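Contents: one structure, followed by commentary.
Nothing in this text is a laboratory measurement; each read-out follows from the coordinates by a stated rule. Note that the structure is predicted; figures quoted are calculated from it, not measured. Neighbour counts are summed over all protein chains in view; Cβ atoms, including those assigned to glycine, are modelled from backbone coordinates with ideal geometry.
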Amino acid sequence: MTGKTVLIVDDEAPIREMIAVALEMADYDYLEAADAREAHALIVDKHPDLVLLDWMLPGTSGVELARRLKKEGATADIPIIMLTAKVEEDNKIQGLEVGADDYITKPFSPRELVARLKAVLRRTTPPGVDSPIDVDGLTLDPVGHRVTTQEGALTMGPTEYRLLQFFMTHQERVYTRSQLLDQVWGGNVYVEERTVDVHIRRLRKALGDDYDHLIQTVRGTGYRFSTKAA
């Protein structure tokens, strides 16, 4: 498997089934939703790597959902491909203007869909998610699930690893404890915000004296990963 999960959002079950078969054959995991409300809940809880989003949905439209996802910090980075039967240029432009990364006009072939999906994922996947990322000799290898320095491998728990991976792929930006809970633990997992502080302390301890300064406390706000002086 590729390790990537794609959310299929379409109110027509036969189309979801056709897409699901194509994704399975290309070694992608998938989730399904028939409307915007169900899709949003899955996105917050499961953090799919990409959303295939139908333009026309019952209730809230796909365009409105895309606009909402791009405005929310926890979901803004998730790439979106719009699926639409609309061929007018204005509609395509509207989809791109709300933040969609690409669009595919129905009917489309499964082969075209998978090719476009792969291209968007390549474009939007930062270092540290599929390929190693290095910061001043601190290296995170997502394939080997390993963190190393010049002195050797570091030992840390799975939550500390996920925290570090998130920080290293989102450098120089301040995140509140609530945002970190959404991004690292998942939106539907009940964990108290002070739990974040506990895992931050554990992560700093695992990084040791040479790298613990990279995890900076921003008083009154939260935390950031930065190579610059606090």
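Stretching the chain fully between D27 and A119 yields a gain of 31.6 nm (0.36 nm per residue, less the alpha carbon separation). Have a look at P132, P14, P48 and tell me which one the Gaussian network model of the chain (Cα, springs below 10 Å) gives the largest fluctuation. Looking only at P132, P14, P48, the largest GNM fluctuation is found for P14.
When only the Cβ of Lys, Arg, Asp and Glu is charged (+1, +1, -1, -1), the dipole of the chain relative to its Cα centre reaches about 600 debye. Between V135 and V218, the contour length at 0.36 nm per residue exceeds the Cα-Cα span by 27.8 nm. Per residue of the chain, the DSSP helices (runs of n ≥ 4 H) give a summed -39500 (n - 2.57) that works out to -11500 deg cm²/dmol at 222 nm. Candidates Q94, Y28, P48 compared by Cα position along the dipole of the stretch 5-124: farthest toward the positive end lies Q94, with charges placed on Cβ. Farthest toward the positive end of the dipole of the chain, out of Y223, S61, V120, is the Cα of Y223, where the dipole comes from beta carbon charges about the Cα centre. Each of L207, T159, P79 was placed along the dipole of the chain (beta-carbon charges, centred on the mean Cα), and the one lying farthest toward the positive end is L207. Its relative contact order, with pairs defined as Cα atoms under 8 Å and 6+ residues apart, puts the chain at 14 percent. Label reach from T60 (point 7 Å along Cα→C-beta): in the stretch 1-42, amide nitrogens under 17 Å belong to 7-11, 32-42. Neighbours of R177, meaning other residues whose beta-carbon lies under 11 angstrom from its beta-carbon, give a summed charge of -3 when Lys and Arg score +1 and Asp and Glu score -1. Are there chymotrypsin sites (Phe, Trp or Tyr not before Pro) in the stretch 163-218 that DSSP puts in a loop and that have at most 15 other Cβ atoms within 10 Å, and which ones? Loop-located and lightly packed - Y190. With a threshold of 25 Å on the Cα-Cα distance, the over-threshold entries among K70/K205; K4/K205; K46/K71; K4/K228; K71/K205 are K70/K205; K4/K205; K4/K228; K71/K205.
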